[in-house]
Every structure is written in C-alpha cells, then in structure tokens.
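Some notes on the structure that comes next.
The values are calculated or read from the model by the stated rules, or taken from the named source; none is laboratory data. Just so it is clear, the model here is predicted, and its values are computed rather than measured. Note that we place each Cβ from the backbone using ideal geometry, even for glycine, and neighbour counts take in every protein chain shown. Just so you know, the surface numbers come from the protein's heavy atoms only, side chains and all, with ligands and any DNA or RNA stripped out. Shrake-Rupley method; radii C 1.70, N 1.55, O 1.52, S 1.80 Å.
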Amino acid sequence: MMPCRRCSGMMIKDRALDEIGRAEHFIWRCILCGDIIDPIILINRANFSPSKKKSYVRRTVLWSV
C-alpha cells in the first residue's frame, strides 16, 4: 500500500481493462478520493517538464445591470 498524492488516503492495487475491454492491467486507486495511477499516467508525469507549463491569467468579468 502507498499513500495517495492527492489526499494522503490509502492506495490499493486494482485491475482495469483498456477501452476495448481486451487487455487487463493493474492500476493504483485511492479508496478515499478515487484518484487513479496507471502506467500511462506515470509516463506522462515523467515526461512533464515545468518549462512546458503554460501560464494562464485568470480574468474576472463583472456584469452590471
């Protein structure tokens, strides 16, 4: 067992099917928040670079009546 990165809950090993329903693989799923970690998520996290991160400006629109 390992702690969840999102909520610090307990992650359990679970089975999942691909979108076609043919291949079965193992995932880690949090029993509290439902966060899922599978091989594709781990590959994407490893390839993520902070320099590629886009910065977004949050704008607030005020409506007057």
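Residues in the range 14-35 that are more than 17 Å from the chain's Cα centre (by Cα) and open to solvent by less than 90 Å² (accessible area, probe 1.4 Å): 21, 23. Being surrounded by fewer than 10 Cβ atoms within 10 Å (Cβ to Cβ) and modelled with pLDDT under 90: is that true of residue 45 here? No.
Looking across the range 27-49, just one residue is over 16 Å from residue 13 (Cβ atoms) and charged (D, E, K, R), and that is 45.
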